[in-house]
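The values are calculated or read from the model by the stated rules, or taken from the named source; none is laboratory data. Computed from a prediction, not measured in an experiment: that's the story for all the values here. Methodologically, a virtual Cβ is constructed for each residue, glycine included, from the backbone with ideal geometry; neighbour enumeration extends over all protein chains shown. Surface accessibility is based on the protein's heavy atoms, side chains included, excluding ligands, DNA and RNA. Shrake-Rupley method; radii C 1.70, N 1.55, O 1.52, S 1.80 Å.
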Amino acid sequence: MLEPPRRERIFNVPVVVLVLLAILGLVHAYLVLALTAEQTTEFLLLFAFIPARYDATVMPDIVWPGGWAADAWTFVTYALIHGDLSHLIFNAVWLLAFGSPVARRFGTPRFLAFMAATAAAGAAVHLATHFGELLPMIGASAAISGAMAAATRFAFQRGGPIALWRNGQEAYLVPAAPLLESLRDRRVLAFLVVWFGVNLLFGLGSIGMPGVEQAIAWQAHIGGFVAGLVGFAAFDPIPISRDAGGNEGADASPPDQQS
């Protein structure tokens, strides 16, 4: 008997990405619609990333909400908060574009761990470059930057997601080239030049990001991107290809859970 054709979803976005988008939207709606100005400040003190938390010489008499636990969780929770609707929409578009292929490849558990790790890496770089600063950092840009970097590790491979000839879900499971081989790919290098150039323009103030009136935490973007580029293999369930063209290596098998 012939098997019936599989039905494809109209919007082929991994469930985990849709859930993350819903969480970002709910957090923003809660901030805007449910909290007073004073409560919003308390919320930010508890969940935004504030470098001054880690410098005892800044406001030494203050007791930071959440104590040592918040010192840890704010390395990730800041990524769930956005300045306004345009800031949220801007990041949501990039999360859809770059988070979706990475989520299809990694599966839900690895993808969530990866996004948390790259958010934390971005916060760590921001802390190192803004130690003691009172201004809170918010937004998912560092984690999304990590997803952008991760996508470059396999998207340009032969048969990958942006290849002319690709085969559905299998396109997201092509073996990735080793990092050094990826960095010799002209397409990857071109992407890196454009990405770093845009972020340097953010840093110099030449261009702005929608919904962000304060200085853009471009160092956090770079921290998340580098973490995603270098740490990709730690999360990737597909064995690395030893062929620069991505044609050889172990067979690509789907991750344990695929959304």
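Quick one: which of 54-64, 106-116, 138-148, 38-48 comes out on top by average Cβ neighbours within 10 Å, and what's the full order, highest first?
The densest-packed peptide leads the list: 138-148, 106-116, 38-48, 54-64.
Just to confirm, what accessible area per residue do you get for the stretch 132-193 at 1.4 Å probe, in whole Å²?
47
Quick check: pseudo-label points 7 Å beyond the Cα along Cα→Cβ at Leu201 and Val19, how many nm apart are they?
Inter-label distance under the simple model: 3.7 nm.
What figure in square angstrom, to the nearest 10, would you give for the accessible area of His221 with a 1.4 Å probe?
Looks like 20 Å² after rounding.
Work out how much length Val32 to Arg187 would gain on full extension: take 0.36 nm times their residue separation and subtract the Cα-Cα distance, in nm to one decimal.
Between Val32 and Arg187, full extension yields 51.7 nm more.
Quote the FRET efficiency, to the nearest 0.05, computed for Ile162 versus Val63 with a Förster distance R0 of 51 Å and r equal to the Cβ-Cβ distance.
About 0.50, to the nearest 0.05.
When each pair of different Cα atoms in the stretch 42-94 is counted once in the 1/r mean, what is the Kirkwood radius in angstroms, to one decimal?
Taking every pair of different Cα atoms in the stretch 42-94, averaging 1/r and inverting gives 12.2 Å.
List the residues, sorted by chain then number, that are 5 or more residues from Met137 or on another chain and whose placed amide H is less than 5 Å from its amide H.
Sorted by chain and number, the residues that satisfy this are Phe49, Ile50.
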